[in-house]
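Notes to accompany the following structure.
The values are calculated or read from the model by the stated rules, or taken from the named source; none is laboratory data. These numbers were taken from a predicted model, which means no experiment stands behind them. Don't worry about glycine lacking a Cβ; one is built from the backbone with ideal geometry, like all the others, and counts go over all protein chains shown. All accessible areas refer to the heavy atoms of the entire protein, side chains included, with ligands and DNA or RNA removed. Shrake-Rupley method; radii C 1.70, N 1.55, O 1.52, S 1.80 Å.
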Amino acid sequence: MTIEQTLSSLVIKAVKALYDIDAAPQQVQLQKTRPEFEGNLTVVVFPFVKAARKAPAQVAAELGQWLQDNGQIISKFNAVQGFLNLSISDRFWLEQLRDMAANEHYGDSTEPRGLMMVEYSSPNTNKPLHLGHVRNNLLGYSIAQIQEANGWQVVKTNIVNDRGIHICKSMLAWLKFGNGETPESSGKKGDHLIGDYYVRFDKEYKAQVAELVAGGMDEEQAKKEAPLIKEAQAMLLQWEQGDAEVRALWEKMNSWVYAGFDETYRHMGVAFDKIYYESNTYLEGKKEVERGLAEGKFYRRADNSVWADLTENGLDEKLLLRSDGTSVYMTQDIGTAKLRFQDYPIDKMVYVVGNEQEYHFKVLSILLDRLGFPFGKELVHFSYGMVELPNGKMKSREGTVVDADDLMAAMIQDAREISKDKVNTLPDVTPAEAEEIARKVGLGALKYFILKVDPRKNMLFNPAESIDFNGNTGPFIQYTYARIRSVLRKAGTLDNLTIDHLTISLNEKELGLIQRLCDFPAVVKQAGDEFSPAVICNYAYALACDFNSFYHDYSILNEPDADKRALRIALSAEVARVIARAMALLGIEVPERM
RNA sequence: GGUCUGGUAGCUCAGCUGGAUAGAGCAACAGCCUUCUAAGCUGUGGGUCUCGGGUUCGAAUCCCGACCGGAUCACCA
């Protein structure tokens, strides 16, 4: 039972006893007491003043007196207008600290909630990952961790868009201009190599179009008639027909890309439990559409294309199969969903996909439902905002993308240089440890920078300004952790970490820290309910701030009173543990020293 | 045009299921290391919460309208 629950039920008893009011739990408004007032928690009494027929300040005072007389945990109170500020006894807080320290999984929900599949990343295999994917990957991974902490069994999944005209373009450009270049021969990462040929295709294609237009052709027509695009389309057809040569080339080039992606994922610290490939799922989707057609749920037009009529759902009509019988985006997502639900007993399906695809998922949900999949209606599109640059959206063809590998490398380099500049550089640090610290800190700065923003909102990234390492940042929180660990290493030989004496009187900072620690389980729950790693970020930052303030004002190891010293050590250890856990929920590692 | 979404300090963002004098960080300025890690701590300045109505004891928060921005409405994925 949390302090809020305890107090809430006490207040309900109080208003019944004092004013004969039958209050619902939602009517009891509890909030943290603002720092300018004395107390830990505040009851807002306005909801009761009307029924009590007394002035707000009087209701607050009477309520406070009752609570103090009848609830053992309240040590004192004060009433300011309609706000009743309650001070909770030190003993209560000390018991809370003792209990959480004894709980190995503090913060986690104990209630099992079924199986949740989280799809994220979902790259195309024709170019390397960029900043948009970084936000996607970090959000997806973090959401998976957070939902696990909330009791879900989570399967992390990735759907790789490994077929289609885009990959044919890269293949074609490589055949024409590549001279057999490989990742080994060029020293390039496979995904970057393929991305370069995708860009090369576009360049050559544009030149062809320009030439046709110069020759007098209409631009729209030129785009269709350019020899390169015709060749790419022919190649896609060959691929669909299973042409051995095209398939072999496709497999070779995709394998280069996968090797590159694997490296990026590993570096980023994200992983998947099960990967699906569009080349395996799109046929399944076609079958489902055919079935729906046979069952009269869809209809075929004169040109042979297949459509779903969604007008009764307030939407338009949606294409499901082209007139040439090939599948579209929607088709393969239907197939992928079907395979997934065959493979796992999924209770909740979550798609981590940008908000530009809200319409797509609205339609997908309706279609799956219409096809008789019970999970369709319940699917969650975790729709996150775009990462924008100062001059607008990233455009791969305009060269304004921020590459994921480059960005991570740059962050780690910044971290290296900042460590070097520190006056208090660790004297005995080995080069290997220094490098490990730089990696954790650089990636920590990047991840926190992205995750601290409300996922639903668009966010701005300015490549010209470096990401901070001071203030409300990942490194600030990592630093707080490293600081505590340093103290604890020294304390290890001085004291044992037990709280035997629950009679210690707490100072303001100690009490505030314990109260903050007590919030953690509710924060984890809120982050899960709202699908928001940002909630965890805000909490971790507030906790680190509280600790640094405490650390500045009070000595831990030089405290002469042995009981107080033991308490401070135990409290610090608990703060470190919760920081580490919160950061783990964000996919951020914490260094023992920095 | 329809639908969705956003507008809070110079900049990046919290706060939004209504509660006390709207908060952080960055940037600027002023202090604090012989003492547990100064990636830290303390202080100063900085606001018409886009605008206008409404609801109420109370509105950045809820409702309506206006203005401005973004997304989306493909035989692209």
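Some notes on this structure:
- Set of lysines near A:K362 by C-alpha distance (under 26 Å), chain-local residues within fewer than 8 positions excluded: A:K156, A:K274, A:K286, A:K287, A:K297, A:K318, A:K338, A:K348, A:K377, A:K393, A:K395, A:K457
- Approximate spin-label separation A:T110-A:S549, in nm, with each point projected 7 Å along Cα-to-Cβ: 3.2
- In range of the label at A:L175: residues from the range A:216-245 whose backbone nitrogen is under 20 Å from the point 7 Å along Cα→Cβ: A:224-245
- The residue among A:I73, A:S532, A:I484 whose Cα reaches farthest toward the positive pole of the charge dipole of chain A, with charges on the beta-carbon of Lys, Arg, Asp and Glu, is A:I73.
- Against the main long axis of the alpha-carbon atoms of chain A, helix A:131-149 sits at an angle near 50°.
- Dipole moment magnitude, nearest 20 debye, the range A:405-447 about Cα centre, only Lys, Arg, Asp, Glu C-beta charged: 140
- Of all beta bridges that DSSP places with both ends in chain A, some 55 percent have antiparallel geometry.
- Candidate lysines - alpha carbon under 29 Å from A:K490, same-chain residues fewer than 8 apart omitted: A:K420, A:K422, A:K440, A:K509, A:K564
- Cβ-Cβ distance of A:E251 and A:D529, R₀ of 56 Å, FRET efficiency by 1/(1 + (r/R0)^6): the value works out to about 0.85.
- Net charge dipole, chain A: roughly 560 debye, given to the nearest 20, about the Cα centre with Cβ charges of +1 for Lys and Arg and -1 for Asp and Glu.
- Taking each DSSP H run with n ≥ 4 as -39500 (n - 2.57) and averaging over every residue of chain A yields -18500 deg cm²/dmol at 222 nm.
- Separation in nanometres of the label points that stand 7 Å from Cα toward Cβ, at A:L30 and A:E317: 5.8
- Simple point charges give the picture: +1 on the Cβ of Lys and Arg, -1 on the Cβ of Asp and Glu, and for the range A:109-242 a dipole about the Cα centre of about 220 debye.
- The local environment of A:N150, defined by Cβ-Cβ distances under 10 Å, has a net charge of -2 under the rule Lys, Arg +1 and Asp, Glu -1.
- With a 1.4 Å probe rolled over the protein heavy atoms of all chains, the accessible area of A:V401, A:V49 falls in the order A:V401, A:V49, largest first.
- Whole-angstrom gap from the range A:183-211 to the range A:45-96, using each part's C-alpha centre: 70
- Proximal aspartates and glutamates relative to A:K176, as straight alpha-carbon distance under 20 Å, when same-chain residues fewer than 8 apart are discounted: A:E184, A:D191, A:D196, A:D202, A:E204, A:E211, A:E225, A:E231, A:D243, A:E245, A:E251
- Full-stretch length increase - A:D273, A:E465 - with 0.36 nm per residue and alpha-carbon distance subtracted: 65.5 nm
- Förster radius 25 Å - calculated FRET efficiency between A:H360 and A:N538 (Cβ-Cβ, nearest 0.05): 0.20
- Each residue was assigned an accessible area with a 1.4 Å probe, and for A:S9 the value is about 50 Å².
- When the Cα convex hull of the range A:409-477 is projected onto planes of every orientation, the mean area is 5.2 nm².
- Heavy atoms of A:H192 accessible to a 1.4 Å probe, total area in Å² rounded to 10: 40
- Two-site FRET efficiency, A:K377 against A:D406, from Cβ-Cβ distance with R₀ of 41 Å, rounded to 0.05: 0.50
- Pairwise label distance in nanometres, A:K230 with A:S89, each label 7 Å out on the Cα-Cβ vector: 9.0
- The 1.4 Å probe gives accessible areas that order A:Y481, A:Y541, largest first, as A:Y541, A:Y481.
- Tilt relative to chain A, helix A:474-491 - C-alpha long axis, 0 to 90 degrees, to 10: 50
- Dipole-positive endmost among A:V328, A:P345, A:W307 within the range A:281-360 (Cβ charges, Cα centre): A:P345
- Here the convex hull built on the C-alpha positions of the range A:272-326 has a volume of 113 cubic angstrom per residue.
- According to the calculation over all Cα-Cα pairs in chain A, the P(r) per 10 Å bin from zero is 3, 14, 20, 21, 17, 12, 8, 4, 1, 0 %.
- You can think of it this way: the chain between A:I165 and A:R300 has 46.1 nm of extra reach, that is 0.36 nm per residue less the Cα-Cα gap.
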